[in-house]
Amino acid sequence: MNKFSKGLITGVVATVITTVGGLVAIKKGIIDPELKKEEFINENRRKAARKRIFH
C-alpha cells in the first residue's frame, strides 16, 4: 500500500469514529433527557389520576 491508500483509509476510519461519537453524544445529551422528562410527566399524571379517584 502506498501513502495515499493508508491516508485515505485512516481518514475514512477517523470520520466514521467521529460521526459515531457525535451521534452517541447527541443521543445521551438530547434524546435521553427528553424521554426521561416525558416519562416523569406521565408518571405524575398517573399519580394525579389516582389521587382524584381516591379523594
Quick test of your reading of the structure: K6 fulfils all but one of (1) of a type outside the set (V, I, T); (2) in a helix (DSSP H, G or I); (3) surrounded by fewer than 10 Cβ atoms within 10 Å (Cβ to Cβ). Name the failing condition by number. (3)
Going by the structure shown, is K51 surrounded by 10 or more Cβ atoms within 10 Å (Cβ to Cβ), of a type in the set (K, R) and free of Cβ contacts under 8 Å to residues at least 60 places away in the same chain? no
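A short reminder: the numbers here are calculations on the coordinates, not readings from a lab. These figures come from a predicted structure and were not determined experimentally. Cβ atoms come from the backbone with ideal geometry, glycine included; neighbour counts cover every protein chain shown.
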